[in-house]
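**Student:** Can you keep this structure in mind? I'll have questions shortly.
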Amino acid sequence: MSDTIRFVMDGEIRELRDVSPTLTVFNWLRESERRCGTKEGCAEGDCGACTVAIGERAGERVRYRAVNSCIQFVPTLDGKALVTVESLKHKGKLHPAQRAMVECHGSQCGFCTPGFVMSLFTLYHNAENPGREAIEDCLAGNLCRCTGYRPIIDAAQRMYELGRKDRFHARASETAQQLRAIARADSLALEWQGQKYFAPKSLDAFAALVVEHPDAVLLGGGTDVGLWVTKQHRRLATMIYTGDVATLHTLEIGSEFITIGGAVPYTDAAAALAADYPDFGEMLRRLGSVQVRNAGTLGGNIGNASPIGDTPPLLIALDATLKLRRGGETRELPIADFFLDYRKTALKPGEFIEAVRVPRAKPEVRFAAYKISKRFDQDISAVCGAFAATLAGGRVTRIRIGFGGMAATPKRAVHAETALLGRPWTDANIRAAMRALGGDFQPIADMRASAEYRLMVARNLLLKFFLETAGKQGATRVIKRDIAA
Amino acid sequence: MKRKSKQSDPESNLRSVRQAVPHDSAEKHVSGEAIYIDDIPEPRNLLHAYIGMSAHAHARVKKIDLSAVRAMPGVAAAMCAADLPTDHNDIGPGFAGDPVFADKIVEYHGQSVFAVAAETLELAYEAAAKAVIDYEPLPAILSIEEALKQKAQVLPTLTLTRGDATKAITKSPRKIAGKLGIGGQDHFYLEGQIAMAVPQEGGDLLVYSSTQHPTEIQHHVSHILGLHSHAVTVETRRMGGGFGGKETQGALFAVIAALLASKTGRPVKARADRDDDMIITGKRHDFIAEYEVGYDDTGRITGADFTLASRCGMSPDLSGPVNDRAMFHADNAYYLPHVRIVSHRCKTHTVSNTAFRGFGGPQGMMVIEYALDEIARELGLDPLEVRKRNLYGKRDRNVTPYTMKVEDNILPELIAELEQSSDYARRRAAIAASNATSPHLKKGLALTPVKFGISFTATHFNQAGALVHVYTDGSVHLNHGGTEMGQGLNTKVAQIVADEFGIDFDHVKITATTTGKVPNTSATAASSGTDLNGKASQVAARTIKQRLIKFAAAQFKVAPGKIVFADNQVQIGRKTLSFVELIQLAYKRRVQLSATGYFATPKVAYDPKTMRGRPFFYFAYGAAVSEVVIDTLTGEYKVERVDILHDVGKSINPAIDLGQIEGGFIQGMGWLTSEELHWDAKGRLMTHAPSTYKIPACSDLPRQFNARIVDWSRNREDVVYRSKAVGEPPLMLAISVFFAIKDAIAAVCDYQASPRLDAPATPERVLFAIEALRAKVGGDLDHALREAAE
């Protein structure tokens, strides 16, 4: 076990010890390093002004991903490379992403600009000729209040004309070597003023730690846990990090199931799920920005049991099961049975989500999912609805409906399902099921939507599913995107 | 004579002006090197302030006990109203009502009650939680409706009338009446409110403040601390966005930092995080408007009666001029022969609302645009046709309700050009055809114009100063009273000064705005930054230039008219000197190379008592066409295409102006669509972070977005280089998005009835409007189903 965090920054291997495990990368950069280019706009991962790039080794190359440094804890940098806006300019020369932003008049007040530059930097490294949608998606997590975005989109295209290779390409193998050098055989364990942080590498070690520390916070991407620290000023006593456990990162596409490890980030899960269920891909795209998807995990989205988590309604509709582990014992649980009450789950002390199993798509099963929010990208659902129906001879032989935002937990709409099961797939029966939804849900009113709207739109989503599956005429979606994996 | 003056085209010597020069900080922005206040290297013994906020919307404060706060290790000072050094405790601009620390009574949830300074921000936060405050809750007024019922107002109701609106409406062949809710808006500047106060010798203070109004901060700090203005210097290098939100709202943070710095003798930084910033600071006023309008069979308005009630919050702040401007823009671009505009300035126990880009103008315009849309739907006409029929005339029908004559109207030509370039007529027909065959998705289209008055309505604010130094190496250092918040003010002013001296743009440097260099400045607001400071800087540069000409004429025995500054050189008769050579020569001959400049806007004269006169020097114009598609099952929508044609006179910097046009439009679109403020039943703001308050994101940019600057416009008034102000007017182009949504909703019932829609048009409001319309015309969801089944 080691108590030293090691990562690569600007070609140097940095070693940190004696830091709080909840010190954010953002605060470390600004306060200890005085690298003040990275800005705080919200301290909750919603504005992107604090975006930095995290590099991980992929063979002899380095894969860069954008994350929000304001909610990323420093120990999670261990074994990785960190790139900040200060890293880009070299010998007085701007990086193509920076130069393009200047040429296209992409900055006005300049406060959000470093974050945009870092998102563009990762786009530069991950995409060849991105189209408008890919650019918008890359920038969905960066808010700008001045420009209206047009010049920034222009810059995202322009930067490729200013040189296809940068210094990071040139130094890739050197950086990969450094990452190899700091890759650890042991595991990281920190203790600082009573705060403990464990980053085990094996599933057994992880499971043992969770049993040993049943009250520990399981830290995945930190896209929620980070806010407990920055917003709620909570002091987290013990954290066990899922990010270094290789087994929890496995993603297996079998003939019957897609099995996704609990620590697989949304970004990686999206590719696998979108191939079978395009709407699942789109839901994961809209669930959060690139920065959030790169860090946040499917297991975390389920485990924190928020009533407005976006994947549970879909997983409920698809009859996904969870593989739960406690020490050496595992059990399978249908996901619908996992959510007991507001933020209460079926997890026993010392138990965790090892994997999620999603049945593969079948031709006879029609699946659709919809997210209703005030803004399309990077917003929290007012209502999230998912529907899976098996139709045979015009009759419903099986139906599952999952909703988020309608109750204290993500929940099945059993009344509506009952109104449809075994009945013909017709307007009249859909109308009955829409009415039955009133028996399933008595939603609340809050800043996202009124109770009336929630119920009205939930009913209409069922209607929309019907219209889309019954071969009715007319387009039904205002945004229709290519769900590229 | 005429031909000769044409040959010596004054434009021919321009090298910087008219060019798309990048923002002077662009390279610093993209490299993270631009310094905002939180990036200034922190002084060694810096303390961090945290503001203790009211837990009630309205309550008597019976006791404040900060002893546990002060006892916390790491706390250097804690202060509440009782601890103030003078008996001054108010930072209201003009009108009182904004205490630094609430005294005896709190009037909004989140109001500043006390402040702590500690070694770290985390310690200050923890310490603040130890305060013991005994509140006696009082009934709170939380809505405009309730304020109207209780006649609670921060300022008296004002009425502006011309002719007899009631009689005109009664006599009209047709009339409409209705009510419209218009939401507020948070500024959501990316850099939150911040100030750092650093004690100087003899009790003086240097205050770094993220403010649009350094002079006002200087006045507040000196007033509260009992110092002379000369003892307080306020410096603002740049803001990470302002939008009006830092016109008065920065004062609280600057004054608290100054108070704690003065008390402890140590530097103090006061920085609000996003949530506290949104809870503590004021926003755009939400309005409830009632309209009654008479019109003839062609859709022309004969009389209009508007009642505007706004949520001012707990104090006047800038609500007086904001509501005045709403009244001045309730005509937008249209002639109202008989009119009455009543403005209620309602008091609520919510945060005091403040300046926000447009400053009441957007809300005023929404009302008349709504009425015109309703008239068109009553008559079965394209709303654009009705709008055009009501535009101000050029020779007649050209006097505003406040008696100012509209002399520079270019809207008829501008709208005609936009109709053409946006292919309006063809798309109108295509949308009708598409809607007829699309049962679930409906499209809508709207073209709306903007006419926006330029000048501070408080006439005395229309002045500015500048200070220009030419150093002996020929470089120019420039200061003016304006502040840089991203709008590119410094870039434009440097372009003007560079061309005045005939030198390259990068030979001119504008440094931080400071009250020590240019005194008694106005806020950088009302879109007036370049008009005022550009002129003042030009005057300063010209003073030096005239001295140089006088000197060179005498030195080289050349007529002053034969001396020309251009391309870093000075042509003196047949002799050519580099600019630097002339400067060095002039220095040695003891010519003063530094000057101040001053400018006061001519012509504006307005009597606030009668609400008559000429409040504006000129008008800026524009128009936009928006096309949207709505989902009639969910109320979701997407803005598919926007075409903008906007008037900036003759542009000083087309790239910066286009940036203001596009950015203003998207910000206005956010105001009318996704940005919704929500207070709970206790008066607590529930939308205080980007997770709950949704400004437009990248993908909300219309898929087709064609924004253009009118290329034939020229300011008929003598504004610097015949340009026009551009900061605020484009925001109101987004009104076209709202009416395109309304148009799409109307398609649900085949335009047989007009939908009721309040702003912001969230998916929820859109769906409710659709459902209400379906109920009204006797159809409902079954209608859609039947259509679908066909």
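**Student:** Consider B:Glu717 carefully, then state whether it is surrounded by fewer than 24 Cβ atoms within 10 Å (Cβ to Cβ) and either within 14 Å of another protein chain (Cβ to nearest Cβ) or charged (D, E, K, R) (or both). Before you say what the answer is, go through the steps one by one.
**Tutor:** Values: surrounded by fewer than 24 Cβ atoms within 10 Å (Cβ to Cβ): yes; either within 14 Å of another protein chain (Cβ to nearest Cβ) or charged (D, E, K, R) (or both): yes.
Against the criterion (surrounded by fewer than 24 Cβ atoms within 10 Å (Cβ to Cβ) and either within 14 Å of another protein chain (Cβ to nearest Cβ) or charged (D, E, K, R) (or both)), B:Glu717 qualifies.
**Student:** Let me ask something additional. If a residue counts only when it is among the small types (Gly, Ala, Ser) and under 30 Å from A:Gly48 (Cα atoms), which helices (runs of 4 or more DSSP H) contained entirely in segment B:114-201 have at least 1 such residues? Show your work before the answer.
**Tutor:** On the way: elements: B:121-128, B:144-150, B:165-171.
Because the criterion is at least 1 residues that are among the small types (Gly, Ala, Ser) and under 30 Å from A:Gly48 (Cα atoms), the helices (runs of 4 or more DSSP H) in segment B:114-201 that meet it are B:121-128.
**Student:** With A:Thr122, A:Thr113 as the choices, which residue is touching a helix residue (DSSP H, G or I) at 6+ places or on another chain (Cβ under 9 Å), more than 14 Å from chain B (Cβ to nearest Cβ), surrounded by 22 or more Cβ atoms within 10 Å (Cβ to Cβ) and modelled with pLDDT of 95 or more?
**Tutor:** On the way: A:Thr113 fails: more than 14 Å from chain B (Cβ to nearest Cβ).
After applying the criteria, what remains is A:Thr122.
**Student:** Next question. Please enumerate the residues belonging to segment B:177-215 that are touching a residue at least 60 places away in the same chain (Cβ under 8 Å) and surrounded by fewer than 20 Cβ atoms within 10 Å (Cβ to Cβ).
**Tutor:** Hits for segment B:177-215 are B:Ala177, B:Gly178, B:Lys179, B:Gly181, B:Pro199, B:Thr215.
**Student:** Filter segment B:673-687 down to residues that are closer than 16 Å to B:Asp277 by Cβ and either assigned to a loop (DSSP other than H, G, I, E, B) or of a type in the set (S, T, N, Q) (or both), then give me how many there are.
**Tutor:** Initially, segment B:673-687 is screened for residues closer than 16 Å to B:Asp277 by Cβ, giving B:675, B:677, B:684-687.
From what's left, either assigned to a loop (DSSP other than H, G, I, E, B) or of a type in the set (S, T, N, Q) (or both): B:675, B:677, B:684, B:686-687.
Summing the residues that are closer than 16 Å to B:Asp277 by Cβ and either assigned to a loop (DSSP other than H, G, I, E, B) or of a type in the set (S, T, N, Q) (or both) in segment B:673-687 gives 5.
**Student:** In segment B:139-162, how many are more than 29 Å from the chain's Cα centre (by Cα) and surrounded by 15 or more Cβ atoms within 10 Å (Cβ to Cβ)?
**Tutor:** Result for segment B:139-162: 1.
**Student:** Of all the residues that make up segment B:43-54, how many are under 30 Å from the mean Cα position of the chain (by Cα) and in a loop (DSSP other than H, G, I, E, B)?
**Tutor:** Within segment B:43-54, residues that are under 30 Å from the mean Cα position of the chain (by Cα) and in a loop (DSSP other than H, G, I, E, B) number 1.
**Student:** Hey, another quick one. Could you say which residue among B:Phe461, B:Phe452 is among the aromatic types (Phe, Trp, Tyr), touching a residue at least 40 places away in the same chain (Cβ under 8 Å), surrounded by fewer than 24 Cβ atoms within 10 Å (Cβ to Cβ) and closer than 17 Å to B:Arg325 by Cα?
**Tutor:** B:Phe461
**Student:** With the requirement that a residue be among the charged types (D, E, K, R), in contact (Cβ under 8 Å) with a residue 12 or more places away in the chain and surrounded by fewer than 18 Cβ atoms within 10 Å (Cβ to Cβ), what does segment A:227-252 give you? It would help to see each step written out before you state the result.
**Tutor:** Here is the first cut: in segment A:227-252, the residues among the charged types (D, E, K, R) are A:231, A:234-235, A:244, A:252.
With the extra rule that they be in contact (Cβ under 8 Å) with a residue 12 or more places away in the chain, the set shrinks to A:231, A:235, A:244.
Passing the criteria: A:Lys231, A:Arg235.
**Student:** Here's a follow-up. Residues in segment A:9-27 that are charged (D, E, K, R) and surrounded by 20 or more Cβ atoms within 10 Å (Cβ to Cβ): how many? If you could, list the steps in order and put the result at the bottom.
**Tutor:** Filtering segment A:9-27 down to residues charged (D, E, K, R) leaves A:10, A:12, A:14-15, A:17-18.
Checking which are surrounded by 20 or more Cβ atoms within 10 Å (Cβ to Cβ) leaves us with none.
Count: 0.
**Student:** Continuing with this model, one more query. For segment B:630-641, does any single residue satisfy the condition of being touching a strand residue (DSSP E or B) at 6+ places or on another chain (Cβ under 6 Å), away from chain A (no Cβ under 12 Å) and either part of a strand (DSSP E or B) or hydroxyl-bearing (Ser, Thr, Tyr) (or both)?
**Tutor:** Checked segment B:630-641: at least one residue is touching a strand residue (DSSP E or B) at 6+ places or on another chain (Cβ under 6 Å), away from chain A (no Cβ under 12 Å) and either part of a strand (DSSP E or B) or hydroxyl-bearing (Ser, Thr, Tyr) (or both).
**Student:** Inside segment B:687-730, can you point out the residues that are hydroxyl-bearing (Ser, Thr, Tyr) and more than 21 Å from B:Val17 (Cβ to Cβ)?
**Tutor:** Restricting attention to segment B:687-730, the residues satisfying the condition of being hydroxyl-bearing (Ser, Thr, Tyr) are B:687, B:691-693, B:699, B:713, B:721, B:723.
Selection gives B:Thr687, B:Ser691, B:Thr692, B:Tyr693, B:Ser699.
**Student:** Look at B:Asp373 and say whether it is without any contact (Cβ under 8 Å) to a residue 12 or more places away in the chain and not in a strand (DSSP E or B). Step through it out loud before you land on a result.
**Tutor:** Numbers: without any contact (Cβ under 8 Å) to a residue 12 or more places away in the chain: no; not in a strand (DSSP E or B): yes.
Against the criterion (without any contact (Cβ under 8 Å) to a residue 12 or more places away in the chain and not in a strand (DSSP E or B)), B:Asp373 does not qualify.
**Student:** Another one. Of all residues in segment B:362-410 being of a type in the set (S, T, N, Q) and on the phi < 0 side of the Ramachandran plot, which is surrounded by the fewest Cβ atoms within 10 Å (Cβ to Cβ)?
**Tutor:** From segment B:362-410, those of a type in the set (S, T, N, Q) are B:363, B:390, B:398, B:400, B:403, B:409; that's our starting set.
Then drop every residue that is not on the phi < 0 side of the Ramachandran plot, which leaves B:363, B:390, B:398, B:400, B:409.
Working: B:Gln363: 29, B:Asn390: 23, B:Asn398: 15, B:Thr400: 25, B:Asn409: 18.
Step by step, filter segment B:362-410, then rank; the result is B:Asn398.
**Student:** Looking at segment A:458-480 only, could you name the residues that are more than 9 Å from chain B (Cβ to nearest Cβ), surrounded by fewer than 16 Cβ atoms within 10 Å (Cβ to Cβ) and either hydrophobic (A, V, I, L, M, F, W, C) or farther than 22 Å from A:Val396 by Cβ (or both)?
**Tutor:** A:Lys480
**Student:** Return the residues of segment A:41-57 that are out of contact with any Ser or Thr (no Cβ under 9 Å at 6 or more places or on another chain) and either without any contact (Cβ under 8 Å) to a residue 12 or more places away in the chain or buried (at least 21 other Cβ atoms within 10 Å of the Cβ) (or both); say none if nothing qualifies.
**Tutor:** Applying the first criterion (out of contact with any Ser or Thr (no Cβ under 9 Å at 6 or more places or on another chain)) to segment A:41-57 yields A:41, A:47, A:56.
Within segment A:41-57, A:Gly41, A:Cys47 meet the criteria.
**Student:** Hey, another quick one. Taking segment A:152-164 as the search range and keeping residues that are surrounded by fewer than 24 Cβ atoms within 10 Å (Cβ to Cβ) and under 16 Å from A:Arg132 (Cβ atoms), which one is farthest from the other protein chains (Cβ to nearest Cβ)?
**Tutor:** Initial filter on segment A:152-164 (surrounded by fewer than 24 Cβ atoms within 10 Å (Cβ to Cβ)): A:153-154, A:157-158, A:160-164.
Now narrow it down to the ones that are under 16 Å from A:Arg132 (Cβ atoms): A:153-154, A:157-158, A:160.
On the way: A:Ile153: 7, A:Asp154: 11, A:Gln157: 13, A:Arg158: 13, A:Tyr160: 16 Å.
Filtering segment A:152-164 for residues that are surrounded by fewer than 24 Cβ atoms within 10 Å (Cβ to Cβ) and under 16 Å from A:Arg132 (Cβ atoms), the one farthest from the other protein chains (Cβ to nearest Cβ) comes out as A:Tyr160.
**Student:** State the number of residues belonging to segment A:54-85 that are within 13 Å of chain B (Cβ to nearest Cβ) and under 23 Å from A:Arg286 (Cα atoms). Walk me through how you get there before you give the answer.
**Tutor:** Here is the first cut: in segment A:54-85, the residues within 13 Å of chain B (Cβ to nearest Cβ) are A:68-71, A:83-85.
If we keep only those that are under 23 Å from A:Arg286 (Cα atoms) too, we end up with A:68-71.
Adding up the residues that qualify gives 4.
**Student:** Something else about it: Among the residues of segment B:71-100, which ones are surrounded by fewer than 21 Cβ atoms within 10 Å (Cβ to Cβ), charged (D, E, K, R) and more than 14 Å from B:Ala258 (Cα to Cα)?
**Tutor:** Passing the criteria: B:Asp87, B:Asp90.
**Student:** A further question follows. Step by step: first the residues of segment A:352-400, then only those that are of a type in the set (A, V, I, L, M), facing chain B (nearest Cβ under 10 Å) and outside any strand (DSSP E or B), then the one that is farthest from A:Ala428 (Cα to Cα). Which residue is that?
**Tutor:** First, pick out the residues of segment A:352-400 that are of a type in the set (A, V, I, L, M): A:353, A:355-356, A:358, A:361, A:365, A:368-369, A:372, A:380, A:382-383, A:386, A:388-389, A:391-392, A:396, A:399.
Add one more test, that the residue is facing chain B (nearest Cβ under 10 Å), and what stays is A:372, A:380, A:382-383.
Those still in the list that are outside any strand (DSSP E or B) too: A:380, A:382.
On the way: A:Ile380: 32, A:Ala382: 27 Å.
Looking at residues that are of a type in the set (A, V, I, L, M), facing chain B (nearest Cβ under 10 Å) and outside any strand (DSSP E or B), I get A:Ile380.
**Student:** Could I ask something else about it? Just one of the numbered conditions (1) in contact with a Cys (Cβ under 8 Å, 6 or more places away or on another chain); (2) part of a strand (DSSP E or B); (3) hydrophobic (A, V, I, L, M, F, W, C) is not true of A:Cys70; which one?
**Tutor:** (2)
**Student:** Among the residues of segment A:70-92, are any closer than 20 Å to A:Gln291 by Cα, out of contact with any strand residue (DSSP E or B) (no Cβ under 7 Å at 6 or more places or on another chain), of a type in the set (D, E, K, R) and surrounded by fewer than 23 Cβ atoms within 10 Å (Cβ to Cβ)?
**Tutor:** Scanning segment A:70-92 turns up at least one residue that is closer than 20 Å to A:Gln291 by Cα, out of contact with any strand residue (DSSP E or B) (no Cβ under 7 Å at 6 or more places or on another chain), of a type in the set (D, E, K, R) and surrounded by fewer than 23 Cβ atoms within 10 Å (Cβ to Cβ).
**Student:** Just checking: which of the helices (runs of 4 or more DSSP H) contained wholly in segment A:156-251 hold 3 or more residues that are small (Gly, Ala, Ser)?
**Tutor:** On the way: elements: A:167-170, A:172-182, A:203-212, A:225-230.
Output list reads A:172-182, A:203-212.
**Student:** Further question: Which residues, counting only those in segment B:6-42, are within 14 Å of chain A (Cβ to nearest Cβ) and in a helix (DSSP H, G or I)? So that I can check it myself, show each step before the final result.
**Tutor:** If we filter segment B:6-42 for residues that are within 14 Å of chain A (Cβ to nearest Cβ), which is where we start, we get B:19-42.
B:Ala26, B:Glu27, B:Lys28, B:His29, B:Val30, B:Ser31, B:Ile37, B:Asp38, B:Asp39, listed by residue number.
**Student:** Given the conditions (1) over 20 Å from the mean Cα position of the chain (by Cα); (2) touching a residue at least 24 places away in the same chain (Cβ under 8 Å); (3) at the interface with chain B (Cβ under 10 Å from one of its Cβ atoms); (4) over 27 Å from A:Leu23 (Cα atoms), and given that A:His90 satisfies all but one, which numbered condition is not satisfied?
**Tutor:** (3)
**Student:** On to the next question. Give the residues of segment B:425-449 that are outside any helix (DSSP H, G or I), within 11 Å of chain A (Cβ to nearest Cβ) and either of a type outside the set (A, V, I, L, M, F, W, C) or buried (at least 23 other Cβ atoms within 10 Å of the Cβ) (or both), sorted by residue number.
**Tutor:** First pass over segment B:425-449, keeping only residues outside any helix (DSSP H, G or I): B:438-449.
Next, from what is left, pick out any that are within 11 Å of chain A (Cβ to nearest Cβ): B:438-443.
Hits for segment B:425-449 are B:Ser438, B:Pro439, B:His440, B:Lys442, B:Lys443.
**Student:** Please pick out the residue among A:Ile399, A:Ile308, A:Ile380 that is aliphatic (A, V, I, L, M) and either farther than 30 Å from A:Val478 by Cα or in contact with a Gly (Cβ under 8 Å, 6 or more places away or on another chain) (or both).
**Tutor:** Details: A:Ile399 fails: either farther than 30 Å from A:Val478 by Cα or in contact with a Gly (Cβ under 8 Å, 6 or more places away or on another chain) (or both); A:Ile380 fails: either farther than 30 Å from A:Val478 by Cα or in contact with a Gly (Cβ under 8 Å, 6 or more places away or on another chain) (or both).
Just a single option satisfies the conditions, and that option is A:Ile308.
The values are calculated or read from the model by the stated rules, or taken from the named source; none is laboratory data. This is a predicted model, so every value here is computed, not measured. Every residue, glycine among them, receives a Cβ derived from its backbone with ideal geometry; neighbour counts consider all protein chains shown.
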